[in-house]
Amino acid sequence: MVSLIPYIREGVRRHLNPKQAVMLTEFDKLRRDYQEHQHEIHAKLIAIMSDRLHVHSRTLETINWEEPAPQPGAPNAYMEALVKEHTTLHKVLSRFLQPETVQHIMTQVFAALDAKLADLYGKVDLKSQGAQDRMLVDVRYLASKLGGLKSLEDNGPGKVSGLYPSS
């Protein structure tokens, strides 16, 4: 819609006399308001995903990595939920927004995800190879599932920072 406003403005301008041209400023205000509203919605989506990440981080902090995984070779439940929520967000946004907008939002979401997980994983003291392997299963699952999302191949989690190892 934002991209259409200048064309509508120009079409209206052609039919106005010079005294009425002052009304064209309303189109400029409308465009600014619409852009601000879009920005607020995008910021809210990013905040919602940040809140979800916070919830899952509390679960991550309670994991005893030294214990064997409930399902060997499978990611932990917090990681499956994180991936599902991020995939769902991407799917919904992709249906309604331009790829550039989806990329902009998801890049910010992934940056928050990278920062939070790097912080949390950095605090975990892994004493055994089994614990390291268990965490690596989660990291690889995240990178493989979210790293290949449409139009985000180069901007998925860990792609910019190189945080996560590849499979």
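Applying the criteria of a DSSP loop state and at most 15 other Cβ atoms within 10 Å to the trypsin sites (Lys or Arg not before Pro) of the stretch 82-128 yields Lys127.
As a ratio to 2.2 N^0.38 Å, the alpha-carbon radius of gyration computed for the stretch 72-128 takes the value 1.41. Here the Karplus relation 6.51 cos²θ - 1.76 cosθ + 1.60, evaluated at θ = phi - 60°, turns the backbone of the stretch 19-32 into coupling constants of 6, 7, 4, 4, 5, 5, 5, 5, 5, 5, 5, 4, 5, 4 Hz, with x for every Gly and Pro. In the chain, helices alone account for a calculated mean residue ellipticity at 222 nm of -23000 deg cm²/dmol, with every DSSP H run of four or more residues adding -39,500 (n - 2.57).
For the stretch 4-92, the mean projected area of the C-alpha convex hull, equal to one quarter of the hull surface, is 8.0 nm².
Note: relative contact order over the chain, using C-alpha pairs below 8 Å and six or more positions apart, is 24 percent. Note on the chain: Rg/Rh from Cα positions, Kirkwood definition for Rh, rounded to two decimals, is 1.20. Scalar couplings 3J(HN,Hα) for the stretch 72-80, obtained by applying the Karplus form with A = 6.51, B = -1.76, C = 1.60 to θ = phi - 60°, are x, x, 9, x, 5, 4, 4, 6, 4 Hz; x denotes Gly and Pro. According to a simple spin-label model (label point 7 Å from Cα along Cα-to-Cβ), what is the distance in nm between Arg13 and Lys84? Each label point is offset 7 Å from its Cα along the Cβ direction, giving 5.2 nm.
In this label model, Thr107 and Gln132 are separated by 3.4 nm, measuring between points 7 Å along each Cα→Cβ vector.
Across every direction, the projection of the convex hull enclosing the Cα atoms of the stretch 52-100 has a mean area of 4.6 nm². Backbone geometry of the stretch 43-48 corresponds, through the Karplus equation with coefficients 6.51, -1.76 and 1.60 at θ = phi - 60°, to 3J(HN,Hα) couplings of 4, 5, 4, 5, 5, 4 Hz, x marking Gly and Pro. Subtracting the Cα-Cα distance of His39 and Phe27 from their residue separation scaled by 0.36 nm leaves 2.5 nm.
Between the listed residues Gly148, Leu82, Val55, the Cα displaced farthest toward the positive end of the dipole of the chain, a dipole computed from Cβ unit charges relative to the Cα centre, is found at Gly148. Excluding same-chain neighbours fewer than eight residues apart, the aspartates and glutamates reachable from Lys84 by a Cα-Cα span under 20 Å are Asp51, Glu61, Asp114, Asp138, Glu153, Asp154. Against the main long axis of the alpha-carbon atoms of the chain, helix 129-147 sits at an angle near 20°. With R₀ fixed at 22 Å, the C-beta to C-beta distance from Glu100 to Ala47 puts the FRET efficiency at about 0.60.
What a 1.4 Å probe finds exposed on the chain is 55% carbon and sulfur by accessible area, rounded to a whole percent. A simple packing score, the average count of other Cβ atoms within 10 Å per residue, orders the peptides 49-57, 9-17 as 49-57, 9-17, with the highest score first. Taking K and R as +1 and D and E as -1, what net charge do the other residues with C-beta under 14 Å from the C-beta of His54 add up to? Value of the local net charge: -1.
The values are calculated or read from the model by the stated rules, or taken from the named source; none is laboratory data. Keep in mind that what you see is a predicted model, and the values were worked out from it rather than measured. Reconstructed Cβ throughout: ideal geometry from the backbone, glycine too, with neighbour counts over all protein chains shown. For accessibility, only protein heavy atoms count, side chains too; no ligands or nucleic acids. Shrake-Rupley method; radii C 1.70, N 1.55, O 1.52, S 1.80 Å.
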